[in-house]
Amino acid sequence: MTGSTLRFRLAPLCAAVLVGAAALSGCGGKDDDEDRPKSSRAAGAPKDAAAPAASAAESGPAAGATGAASVTGKIVFDGAVPAAEKYKMSADAFCAKSHPGDVNKEDVVVAADKGLANVFVYVKTGITGTYPAPATAAVIDQKGCTYHPHVFGVVTGQNIEILNSDPTLHNIHSLPEKNEAFNLGMPVQGMKYTKKFDKPEVMVRIKCDVHGWMSAFCGVVAHPFFAVTAADGTYTIKNLPAGTYTIEAWHEKFGTQTQQVTVGATDSKAVPFTFKAGA
Amino acid sequence: MPEAFLRIGTRTVAACVFLLLIAGALVTSTQSGLAVPDWPLSYGKVMPPMVGGILYEHGHRLVAAAVSTLVGLELGALLFLLKGRKTVKRLAALAFIAILLQALLGGLTVLFLLPPAISSAHAALAEIVFALTAVVALMCSKGWEDLRISSNAEEARATLRWTVLATVAIYLQIVLGAVMRHTGAGLAIPDFPTSFGGLLPTFEEISRPGVPIHLAHRLGAAVVVVLVFLGAKALSGLRSPFATLGAAWAGLVCLQAFLGASSIWSGKAVPLTVAHLAVGALCWVIGVLLSVALAAGFSDKLGRD
C-alpha cells in the first residue's frame, strides 16, 4: 500500500489518546513498641517547650551541668506586618465545620505590640556535656485540623506523644534531614503514637498530607536549654549554668538570628531579637 | 467483528492509561503522595474516607487498579481473539507486566516515604506503559499490516532518524522532569526565562540544591523543541496523516514549553503542573507512534538499502 492509498490512519489513534486531555479542564520505622498506636487518650494540653529543663534536672544530667542562670527576652517584628495568608479547610467537612470561612496561616503570628510568637530560641553553642532525655514526653495534638503546638522543642531521645483529638483521620509525616523520617496514619479519634528523634536537628518539619495546610516544626537539641516564644513574643530559658553562649532564634518565615551572651551563676540576662520581613 | 472490538478496545485502554497518568500527576502536584501511609490497603481499609489528599492518593490507587485490570483484559482479548500477530501480543504482555511493576513501585515509594529514585522510576515507567498500550492500539489499527509509505530511501532514513531522535530526547526530558519534580527542584530557579535574573545561573547559584537538575531540564527543553521541529520538518515531506501529525507534534511541544514556563510563573499551580505532565506524555507517545509507524511503513526501503 502506498501513501496515497493508506488505509491506516494515525490521526484517530492519537485522537483516542488525546481524549484524556479533556479531563485537564477539571483539574482544579521502626517496628517496635514506640510505633504502636494506643487507643487511650492522653489527657491535658501539650506542655510548654521550655519546661523540659525541669524534667532534665529531675532525671539528673549525666555530665552536662544545670544552674540558676536564665536568658529571657522578647522577640519582636519590625516593620509592616505581612497580611496573613488565608486558606480554606473545605477539603474535609469536619475541618471546615471546625473553622468556617477563611483561616489564617500560622507562619506569622504577631501581637498588637509586635511580639512575634512561635520563634524557637535555643542555646546553639556553649553547652558542654550530655543531658539525658526528660522522662516527660512532649505532646503534639492534632485538634481542629491544626497542630498544637505549632512550634515545639524536644531533647534528643525525648518521647513525643502524637495525639489525634479529631474525629477525622490525619497522617503525621515528619521530614527530617538528620533523623529518621516517619509517616503514620491516625484514622481514629483518640489514637496515640510515641516517636522520638535521636539526633539534634533544628528544625524538623511535620506535616499532614491529608490536610495540606497542617504543618508544625520541632526543634531537636541535645540539651534542655530552649524555649518557644509565647503569643506576646516573650521567652525564658531557665536553669543555665554560668558561661558564654550563642543564642539562636529561629522563625519559619524570617530565618535565624544569633547573639552571644555571658551569664554568671545566678544572672538573668535579656537577649531580645528583632526580625524583619525579608531580612 | 473481533478486529473492530480490538481496535476500539485497545484505543480505550491507551486513553485510560493516559487518564491514570493524569491521576498520578494530581497526586504529586497536590503533594498528596503520603496522604495514605500504608499500602496496599489505605488506612487499613479498601475504601477510606475520601477527604483532603486521600482523594488524590487513594483515587490514583483506584484508577490504577481499574486500568491495570483493563490492561490485563486487553492482553487476554488479544491472546484469544487475535490470530498470529506475535509482536502485538508480546507488547501487550509487556504492558501488563510493566503496569504490575508500576503498581509495585507505587506501593514501595509510599512505604519508603517517597525516595526520589523510586518515585522517579514510577514516573518514568508510567510513560513506558502509556507508550506500550498506544503502540498496541496502533498495531491493531485498520491497515496496519499493509502499511507502506511512499518515499525514497534517503528521505525515509532521514525522517525516521529525526523522529526517533526527537522521541528519545522527549523521554529523557520527561525523566529529567520526573527527577526534578521528585527532588522538589521545580522552583529551584524561580524565574523564567531568566535564571536568578541573569541569562544563566552563576557557578555559586548552580551549586545550590536542585539548581543543576532544574537547569538541565530547561536546557533539555530547548534541545527537545529543536529536535521536534526538525522531525516535523522531515515529516512534512510525507503525505497525511504523517505531515499533519508532525505539525501537531511541533505545536504540542511549543504548548509544553509554555506550560513549563507557566508552572514557574504560577509557583507550580496544580492545573498547570498537571497539564505540563499530560502534554509531555502526549508529545512522547506521538513520537513513539510516529517512529513505530515510520519504521513499519519504510521497512521495505530501509531493508533494501
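Quick note: the coordinates plus some simple rules give every number you see, no bench work behind them. Owing to the predicted nature of the structure, the values given are computational and were not obtained by experimental measurement. Don't worry about glycine lacking a Cβ; one is built from the backbone with ideal geometry, like all the others, and counts go over all protein chains shown.
Couple of notes before you dig in:
- Region A:228-279 and region B:181-215: distance between their alpha carbon centers, rounded to Å: 34 Å
- Positive-pole candidate from B:Pro116, B:Thr244, B:Ser262, dipole of chain B, charges at beta carbon: B:Thr244
- Between B:Met139, B:Met180, B:Met50, the Gaussian network model of chain B with springs among Cα atoms under 10 angstrom shows the greatest mean-square fluctuation at B:Met50.
- A:Thr266-A:Asn104 FRET efficiency (beta carbon distance; Förster radius 51 Å; 0.05 resolution): 0.80
- Spacing of the two label points (7 Å from each Cα toward its C-beta) at B:Arg157 and A:Thr274, in nm: 7.6 nm
- Given +1 at the Cβ of Lys and Arg, -1 at the Cβ of Asp and Glu and no other charges, the dipole of region B:63-157 around its Cα centre is 340 debye to the nearest 20.
- Listed residues B:Gly220, B:Gly24, B:Gly267, most fluctuating in chain B (Gaussian network, C-alpha, under 10 Å): B:Gly267
- Restricting the calculation to alpha carbons of the protein assembly as shown gives Rg and Dmax of 29.1, 98 angstrom.
- Taking 7 Å steps out from each Cα toward its Cβ at B:Glu204 and B:Ser240 produces label points 5.8 nm apart.
- Residue exposure sequence - B:Phe96, B:Phe192 - by fewest surrounding Cβ within 10 Å: B:Phe192, B:Phe96
- Among the listed pairs A:Lys276/B:Lys268; A:Lys88/A:Lys199; A:Lys196/B:Lys268; A:Lys195/A:Lys269; A:Lys74/A:Lys192; A:Lys86/A:Lys114, those beyond 29 Å (Cα-Cα): A:Lys88/A:Lys199; A:Lys196/B:Lys268; A:Lys195/A:Lys269; A:Lys74/A:Lys192
- Helix-only CD estimate at 222 nm, as mean residue ellipticity for the protein assembly as shown, using -39500 (n - 2.57) per DSSP H run (n ≥ 4): -14500 deg cm²/dmol
- Of the residues B:Gly107, B:Phe80, B:Leu41, the one whose Cα sits farthest towards the positive end of the charge dipole of region B:1-146 is B:Phe80 (charges of +1 on Lys and Arg Cβ, -1 on Asp and Glu Cβ, taken about the Cα centre).
- Added length on full extension, which subtracts the Cα-Cα distance from 0.36 nm per residue, B:Phe258 to B:Leu62: 67.4 nm
- Nearest-0.05 FRET efficiency for B:Lys83 and B:Ala295, computed from C-beta distance (R0 35 Å): 0.90
- Centre separation in Å (Cα based) which lies between region B:118-149 and region A:137-199: 45 Å
- Remark: region B:1-146 carries a charge dipole of roughly 380 debye about the Cα centre, counting +1 on each Lys and Arg Cβ and -1 on each Asp and Glu Cβ.
- Charge dipole magnitude, Cβ of K and R +1, D and E -1 - region B:149-305, Cα centre, debye nearest 20: 200 debye
- Farthest toward positive dipole pole in the protein assembly as shown [+1 Lys/Arg, -1 Asp/Glu at C-beta], among A:Ser215, B:Ile206, B:Val17: B:Val17
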